[in-house]
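In what follows, a single structure is set out as structure tokens and then discussed.
The values are calculated or read from the model by the stated rules, or taken from the named source; none is laboratory data. Every value quoted in this text rests on a predicted model; they were computed, and no experiment measured them. In this analysis, Cβ positions are derived from the backbone assuming ideal geometry, glycine residues included, and neighbour counts consider all displayed protein chains.
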Amino acid sequence: MIFEQENTTYFPKSIAGSLRFGFCVLGLAWLITGCDSGPKFCTEHYSNGQVKYSVQCDPATGDYMGLMKEYHRNGELWKTRYFDEGKENDTTYFFYSKTGDIFRKLPMQNGEKHGLAQSFHPDGTLKQSGRYQFNRKEGEHISFYSNGEMESRIVFEGGTEVGVRTDFFKNGAVKFRGEFKDGERHGVWKYYDRSGNSLAEFTFRNGQRMGPFSIFRPNGKMYLMGSYTLGMIDSELHYFTVNGSKFATEDWRMGENQDYDAIKGLKQSYEEDFQKFYVHLDKVFISVKGDDIKIK
């Protein structure tokens, strides 16, 4: 990779300083441009010849200085950044390639994210908003759908997710709600479908599924209930029909099914009903494949 300015070729920033300093000290300034005065413009190009970015740089150190413009491969402006003595400062702006409208504002201080960051939908409405404190997320971070409905609300302390997190569907209904402790899921997490019906409840401890869980059908009837230990199913699993009647029980110990063959026939008799329900779950947040339950 090289940097070019008019008819001048510059070495990459990582080695520019040492090479230029050596040439100048040896009195070989005539071999290389830039040993004399101020900053030069450095550019990098895509393989198609379009400019990738352009910025002033110090010939002696390779440090970027002032306004940098970065471009998409099609030549449209991608973002603008500002450098002071080689460190990024002020606000970085990101732009949509087709319209040129701002889609993100990211405040920088001495090369670190610091201040209120925001991003926008193509129509200019707010998409995300949250503060950084020296590269760490801090306080409330909120996301919005393009229709103005809140998508999620997350709270951070020192870059770690804490407190209650709530995500929503586009129609405003709660998608799931649960608590974070030291950046890990903790306590009871509740999941819902777009109509507000309970979909599932899982219990977490320090990020692992631990304790009772339940999965419900769209009609509110129980589908499956059991318990986890250290992230593994470790209890009797009780299965229920669409009418809410229990039809089978499996014995699980630390993730191992102890008597699958004993009720295999019963489960197969309800296969069509199960498959329909699996599709419902997969459209929301929980993937149920065979006996494996995963939260997306």
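State which residue is farthest from G183 (Cα to Cα) when the search covers only the stretch 102-150 and only residues that are of a type in the set (D, E) and surrounded by 13 or more Cβ atoms within 10 Å (Cβ to Cβ). Even if it seems obvious, please write down each step before you answer.
We begin by selecting, within the stretch 102-150, every residue of a type in the set (D, E); these are 112, 123, 138, 140, 149.
From the residues that got through so far, the ones that are surrounded by 13 or more Cβ atoms within 10 Å (Cβ to Cβ) too are 112, 138, 140, 149.
Working: E112: 22, E138: 13, E140: 14, E149: 26 Å.
Here the residue is E149.
Every test in (1) over 28 Å from R177 (Cα atoms); (2) out of contact with any Lys or Arg (no Cβ under 6 Å at 6 or more places or on another chain) is passed by G62 save one, and that test is (2).
Within the stretch 65-95, the set of residues being among the acidic types (D, E) and touching a Lys or Arg at 6+ places or on another chain (Cβ under 6 Å) comprises E70, E88.
Of the residues in the stretch 192-203, none is touching a Lys or Arg at 6+ places or on another chain (Cβ under 8 Å), modelled with pLDDT of 90 or more, surrounded by 18 or more Cβ atoms within 10 Å (Cβ to Cβ) and under 17 Å from T160 (Cα atoms).
In the stretch 229-259, which residue that is free of Cβ contacts under 8 Å to residues at least 12 places away in the same chain and outside any loop (DSSP other than H, G, I, E, B) is nearest to G211 (Cα to Cα)? Let's see the steps before the verdict.
Just the residues of the stretch 229-259 that are free of Cβ contacts under 8 Å to residues at least 12 places away in the same chain, to begin with: 245-246, 256, 258-259.
Within this subset, residues satisfying the condition of being outside any loop (DSSP other than H, G, I, E, B) are 246, 256.
On the way: K246: 21, E256: 16 Å.
The selected residue is E256.
Residue under question is T99, and the condition is that it be over 28 Å from G183 (Cα atoms), of a type in the set (V, I, T) and surrounded by fewer than 16 Cβ atoms within 10 Å (Cβ to Cβ); does it hold? Considered against the rule, which asks whether it is over 28 Å from G183 (Cα atoms), of a type in the set (V, I, T) and surrounded by fewer than 16 Cβ atoms within 10 Å (Cβ to Cβ), T99 comes out as yes.
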